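Asker: Pasting a structure below so you can have a look.
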Amino acid sequence: MTAVNLRTGKEYWRYERREPSVTMHGFPASERTVVVGHSDGRLVGIDLRTGKRLWSVELREDGYRSVELVGGQVVTEAPGAVRAFDERDGRSLWTVKTSESCPRVIVHSVHTLPDHLSVIPVICSRKGDITENDYLLLGVDNRTGKALWRQPTVDPNRTFWSDGHTLAVPDPDHPRTVRLLGMNRQGVSPRSTLSLDEGSVVAGGDGTVLSAADPKEGSTDHDTLLRAHDARNGRASWRLRAPTGQEFGFPEIADGRVYVVRQPFLDEADAGRRVHADLIVLDAETGRLLHALRLPVMTAPDDHDYYDKLDILDIADGAVSIGWRDGTGDLLVATD
């Protein structure tokens, strides 16, 4: 793992473990610390500025490990539990046990809310079989580790946080219906619902929920229309249609803006094609176009499938990460 200057590419420092059988499964960073999760169960805290190792913890559990770094706490899984450590010294802060029906836990993400509440979506395998999963929201007091509530949910990859305490969740019993759920220390409560005749929710943030569809074809392969909804009441606020022959990738919302790639339709005949696409930036509340940036030419993957679209992968410090939906051919664009 290397740390480089975002604008010049100059390398600051490098971290490496030389055991060939050990892999890294994640390295989230805060403004001070990088935490590396390893396949042999080791967690390592590194000073972001110097690259100096600060601490190491042995969790004694091999295999895939998710690591989240939020609010000064490193949150990861342990057998039948979720654990938190201090990001600067690695000391154990708290442990939340799951039920006997959830012996194998994977932490999907961590969201900090007011009143010292952390909401943690977890993937819970049935009887230790990672191929059969249940999904759970844990409400945890992030000072003491006390479990305040547990709420069954759907696959966390299909849910989106639309503001600091509202989660957009597909209703498993009613197709094309999305529930907006409010969270606090007392539990989960319904706020409103979105009825989507076509398409699905693709992004959330800053009080906005975005859905995408192709109304003309009724297809999930091409998103030609973005619709924005107010997270407070579910009402539609604006829509944006792509020009003929073009579509949108998956957007992201950050700092009151919507970031999305606009690109031509692609099919199996376009393998190896040089693709001209644009990054567009919209005001999240109104949909007003703020910026449009022509991207460097990218080459369509040789193996055509549903994933032949360019998506926003991450936004941080004036840089936007863009890549094919299957994670290949990633591109980092630094822009003001």
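Asker: Please check which bits of region 148-162 a label hung off H116 would reach, taking the label as a point 7 Å along Cα-to-C-beta and the cut-off as backbone N under 14 Å.
Answerer: Within reach of a label on H116, which here means backbone N under 14 Å from a point 7 Å along Cα→Cβ, region 148-162 contributes 148.
Asker: Suppose R0 equals 35 Å; then what is the FRET efficiency for S30 and K97 from their Cβ-Cβ distance, rounded to the nearest 0.05?
Answerer: Numbers: r = 27 Å, r/R0 = 0.76.
In this case the efficiency is close to 0.85.
Asker: Next question, about the same structure. What length, rounded to one decimal in nm, is gained on full extension from T335 through to R60, with 0.36 nm per residue of separation minus their alpha-carbon distance? Spell out each step's value before the answer.
Answerer: Working: separation 275, 0.36 × 275 = 99.00 nm, distance 4.23 nm.
Full-extension gain reported as 94.8 nm.
Asker: So if we plug the beta-carbon distance of T144 and D47 into 1/(1 + (r/R0)^6) with R0 = 25 Å, what FRET efficiency do we get, rounded to 0.05? Working shown, then result.
Answerer: Details: r = 28 Å, r/R0 = 1.11.
With R0 = 25 Å, the Cβ-Cβ based efficiency is 0.35.
Asker: While we're looking at this one, here's another question. Where in region 247-268 does the amide nitrogen come within less than 12 Å of the point 7 Å from the Cα of R176, taken along Cα to Cβ?
Answerer: Within reach of a label on R176: no residues.
Asker: Same structure, new question: Please list 15-27, 204-216 highest first by mean number of surrounding beta-carbon atoms within 10 Å per residue.
Answerer: So the order, starting with the most tightly packed, is 204-216, 15-27.
Asker: Per residue, how much accessible surface does the chain expose to a 1.4 Å probe? Answer in Å², no decimals. Intermediate results must be reported in sequence, preceding the final value.
Answerer: Values: 17180 Å² over 336 residues.
Spelled out: the 1.4 Å probe surface of the chain, per residue, equals 51 Å².
Asker: How about region 52-97: which chymotrypsin sites (Phe, Trp or Tyr not before Pro) there are in a DSSP loop, with at most 14 other Cβ atoms within 10 Å of their Cβ? Present the calculation step by step, with values, prior to reporting the outcome.
Answerer: Values: sites: W55, Y64, F85, W94; in loops: Y64.
For chymotrypsin sites (Phe, Trp or Tyr not before Pro) across region 52-97 that sit outside H, G, I, E and B with at most 14 neighbouring Cβ atoms in 10 Å, the list reads Y64.
Asker: Which order, highest average first, do 156-162, 267-273, 109-115 follow once you tally other Cβ atoms within 10 Å for each residue and take the mean per peptide? Can you show the working numbers first?
Answerer: Numbers: 156-162: 20.1, 267-273: 12.1, 109-115: 15.4.
Top to bottom by mean Cβ count within 10 Å: 156-162, 109-115, 267-273.
Asker: Once the whole set of protein chains is in place, how much accessible area is left on L6, using a 1.4 Å probe, in Å² to the nearest 10?
Answerer: Rounded to the nearest 10, the figure is 80 Å².
Asker: For Cα pairs less than 8 Å apart in space and 6+ apart in sequence, what is the mean separation divided by the residue count of region 45-92, i.e. the relative contact order in percent?
Answerer: Working: 61 pairs, mean separation 14.9, N = 48.
Across region 45-92, relative contact order equals 31 percent.
The values are calculated or read from the model by the stated rules, or taken from the named source; none is laboratory data. Just so it is clear, the structure is predicted and the values come from calculations on it, not from any experiment. All Cβ positions, glycine included, derive from the backbone under ideal geometry; neighbour counts span all protein chains shown. All accessible areas refer to the heavy atoms of the entire protein, side chains included, with ligands and DNA or RNA removed. Shrake-Rupley method; radii C 1.70, N 1.55, O 1.52, S 1.80 Å.
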